[in-house]
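Shown next, in structure tokens, is the structure this report addresses.
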Amino acid sequence: MCKTCGSEDVSVTVAVNPNDTTTITDYCHRDETITEDGWCNRCCDYVDLETTNIKVSENPWRCGKCGSTAVQERVWRDVNTEKIADAGNCDRADYYCNNCEGHNRLERESELLRRAADWWGNTDFRAMERVTSYRQLDFDPDEGWQAFVDACNEWWNGKTTDEKISIYLNNR
């Protein structure tokens with residue numbers, strides 16, 4: 001919306017956030033807002049636009065390489081109607097990660113978390129030592145080093161979603 005006249009008849013150059021295809025943004029990041037300069041058709045001038053909240057999915061798309069949610073999807077837009085065309089007929093989608101600065105596949109957060117949990121559940125003691133910085137020999141060997149395993153699991157369970165995904169992607 002134009003800050004000068006209140007018109008919603010404005011134009012901006014945009015990218016689509018694949019985490020919310022109803023929100024068009026040029027900057028896609030969790031819990032951020034954007035402010036754009038755009039062309040107001042009523043004022044016939046470039047103007048400041050109102051701040052727009054970015055909506056994020058409950059199960060956002062993430063970069064399959066680094067886990068970032070700062071990802072974009074290239075789309076086709078009809079220049080006459082300005083509607084975004086259905087990408088279902090395309091041979092492939094083009095995704096871009098602003099964090100990696102690369103074209104990587106995207107994965108749903110829930111899938112990355114599932115794979116991270118599977119990876120952690122199958123991690124051997126050497127990997128647990130490397131990831132947590134705990135030393136197995138500092139724990140009581142009774143009951144098959146259960147105290148070490150419990151401490152490592154408590155460490156893992158204390159991590160945020162972003163931290164778990166990052167640890168998984170950097171250690172798989």
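One table, with the values for the structure above:
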quantity	calculated
Neighbour-count order for PHE148, PHE125, fewest beta carbons within 10 angstrom listed first	PHE125, PHE148
Projected-area mean, the stretch 107-149, by convex hull of Cα positions, square nanometres	3.5 nm²
Normalised per residue, the volume of the convex hull around the Cα set of the stretch 124-172 (Å³)	65 Å³
Protection proxy ranking of 130-143, 57-70 - average other beta-carbon atoms within 10 Å, highest first	57-70, 130-143
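Bear in mind these aren't lab numbers, they're just calculated from the coordinates by the rules spelled out. Everything quoted here is computed from the prediction, not taken from an experiment. Cβ sites come from the backbone with ideal geometry, for glycine too, and all protein chains shown count toward neighbours.
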